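Everything below concerns the one structure shown next.
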Amino acid sequence: MLDQQTLEYPHGVNFINNAWVPSSGEGVETLNPADKDDIVGIVPDSTREDVEAAISAAEHALPGWARTPGPVRGDILRRWSDLIGENLEDLARLMTREMGKPLAESRGELGRARMELEYAAGEGTRIHGTTIPSRAPGQLVYTEREPIGVVAAITPWNFPAVAPVRKIAPALIFGNTVVLKPALETPLTALALAALLREAGLPEGVLNVVTGRGSKVGTQLTEDRRIAGVSFTGSTGVGRTVNEAVARRMGAVQLELGGKNAAYVHSAEDLRTVAAEITSAAIQATGQRCTSISRVLVREEIADDLVAILTETWSGLQVGPGDAEGTVVGPLVNHAQLTKVSGYVRQGIEEGAVRTTPDRQIPDGLYYAPTILDHVTRDMTVAREEIFGPVLTITRVKDVDEAIDIVNDTDYGLAAAVFSEDLDLVMRFSRETRAGMIHVNHGTVSQPHVPFGGVKESGLGAFSIGLTNADFFTQTKVVYLKHSSGSQPGKAVSGRRGLTLDNGTDPA
Ligand code: NAD
């Protein structure tokens, strides 16, 4: 059970310096997508003063936290993971209530968040530098990894727990402090997680959460010079704006953006297994996943068989509230998403796509029946833009050459999948497709300790998760340490490239 002392959210407050701090900003209702009358919470559209207070708190806490030994920071993160585990059921219900995803997925997401967190906690014992042989005698040359400073974490609504944890955990383990701005659709899971981190023993000011509109709160965070780095996950359009704002003041960015992820089906012993892999990767979070498979490219010879299986499967997927028994496809997160998804399907049909899934009865509200569009050509809008809903397009291709060409013919480059037993073919596909992550003979499901990210307009900066976390959340410092043993004063001599010192170092 949630600890009522720490987790009960007293509407209209931010989390600053480990306390719920009232805001004078307008209150914004977080609504349950499965029940328009259910107000899950009211959070502030924070003011400039709120954001200022959060940044100041993080700045103030930075020196102490950076000095805290890495393994000790790791102990706090592990306690946080334990507390998430102890409160998992209540957190999962909160997440389903504010975002809409099926309860089983919410539980799975929290389990995944814990795994990413535990990997990050272990990094506290592995913040390695290097020693470099010194050309000058009597000098020790080494590198250390230092925190970059105050990090702003800006997250989307589709993964209310994983998205914040994926930024907070690595930022903290490497000694940074954080200001988190969660999406306005799903701030309550993030606030509950912050309260648990306080209970785990996090010192004041190390994590601060301010809620509000991206155009206001997000912009302020990206423009503030005290924010050393912005780790942003969201749409490519907003990512571009964030990048421009941070670049102007020479800050660091990590951008995890949208995708138009393709699966190419070349051959398979069992097309039913392929269809199940594609369906699972396409439909989770009601298709509102950055790595959702949203387009299938299939070899002409097997296309009719695959489309028939997919159509049968998708026609039977149970649509309903996330907390109802048997639900596989929950509501879309809000009205704007519903309008966007239905608009894309309408446009696809107008442009010549054929809908294979029948009209069927689904509950009223923000639901959209899982939809397959066949005979989609590469130039149609539905083949090129991120739909972010339970929609799968089918494009028939001659061979792997055409498939690779079409996979690469988009602005995105996040994930791609290929199904074939031909090793040469899959190696070629994985080398020639421009995507950050390639999945062979399975859907686009990633693992919690493996680097994650995209290329082209799907991402910029270091990948997140696993080994690559240190690339964004630390900076390198080089130390030249001259010690007495073996040290010799340098004597100027003339060398081929001008003046050098006899100990081999450059006079610069
Ligand atoms: P979004 O870009 O609308 O918003 C993301 C976050 O940015 C929110 O917190 C929002 O308030 C904030 N924001 C909005 N305008 C801003 C501005 N001008 N400056 C700073 N912050 C601003 O995205 P969304 O609708 O919440 O999420 C869906 C998108 O996220 C999809 O495109 C999806 O593919 C992408 N996504 C990518 C990944 C990944 O790892 N690559 C993961 C999840 C989601």
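Points worth noting:
- Residues satisfying the criterion are present in the stretch 232-244 (criterion: under 27 Å from Glu385 (Cβ atoms) and more than 19 Å from the chain's Cα centre (by Cα)).
- Flag for Ile387 being touching a helix residue (DSSP H, G or I) at 6+ places or on another chain (Cβ under 8 Å) and within 29 Å of Pro321 (Cα to Cα): yes
- Meets criteria (within 15 Å of the ligand (Cβ to nearest atom), free of Cβ contacts under 8 Å to residues at least 40 places away in the same chain and more than 20 Å from Gln288 (Cα to Cα)) for Val230: no
- Members of the stretch 262-289 that are assigned by TED's automatic domain parsing to the domain that holds Gly320, within 15 Å of the ligand (Cβ to nearest atom) and more than 18 Å from Ala163 (Cβ to Cβ): Ala281, Ala282
- Any hit, the stretch 202-222, residues being assigned to a strand (DSSP E or B) and either within 11 Å of the ligand (Cβ to nearest atom) or open to solvent by 10 Å² or more (accessible area, probe 1.4 Å) (or both): no
- Filter pass, Gly234 being in the same structural domain as Ala57 (by TED's automatic domain parsing), among the small types (Gly, Ala, Ser) and open to solvent by 10 Å² or more (accessible area, probe 1.4 Å): yes
Residues are listed down the side, and each one gets a yes or a no for (1) farther than 30 Å from Arg166 by Cβ; (2) open to solvent by 30 Å² or more (accessible area, probe 1.4 Å); (3) hydroxyl-bearing (Ser, Thr, Tyr); (4) modelled with pLDDT under 95:
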residue: His449; (1), (2), (3), (4): no, yes, no, no
residue: Leu460; (1), (2), (3), (4): no, yes, no, no
residue: Thr476; (1), (2), (3), (4): no, yes, yes, no
residue: Leu499; (1), (2), (3), (4): yes, yes, no, yes
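- Residue match in the stretch 395-414 (condition: buried (at least 17 other Cβ atoms within 10 Å of the Cβ), of a type in the set (Gly, Ala, Ser) and within 20 Å of Val274 (Cα to Cα)): yes
- Yes/no for Thr241 being assigned to a helix (DSSP H, G or I) and more than 9 Å from the ligand (Cβ to nearest atom): no
- Glu386 vs. criteria in contact with a Ser or Thr (Cβ under 9 Å, 6 or more places away or on another chain), open to solvent by 20 Å² or more (accessible area, probe 1.4 Å) and touching a residue at least 60 places away in the same chain (Cβ under 8 Å): yes
- From the options Ala195, Ala190, Ala171, residue that is buried (at least 24 other Cβ atoms within 10 Å of the Cβ), in contact (Cβ under 8 Å) with a residue 60 or more places away in the chain and more than 9 Å from the ligand (Cβ to nearest atom): Ala171
- Taking the stretch 1-120 as the region of interest, the helices (runs of 4 or more DSSP H) fully inside it that hold 3 or more residues being in the same structural domain as Pro164 (by TED's automatic domain parsing) and either surrounded by fewer than 20 Cβ atoms within 10 Å (Cβ to Cβ) or among the aliphatic types (A, V, I, L, M) (or both) are 48-67, 70-86, 88-99.
The values are calculated or read from the model by the stated rules, or taken from the named source; none is laboratory data. Quick caveat, the model's predicted, so the values are computed rather than measured. Note that each Cβ is placed from the backbone with ideal geometry, even for glycine, and that neighbours are counted across all protein chains shown. All accessible areas refer to the heavy atoms of the entire protein, side chains included, with ligands and DNA or RNA removed. Shrake-Rupley method; radii C 1.70, N 1.55, O 1.52, S 1.80 Å.
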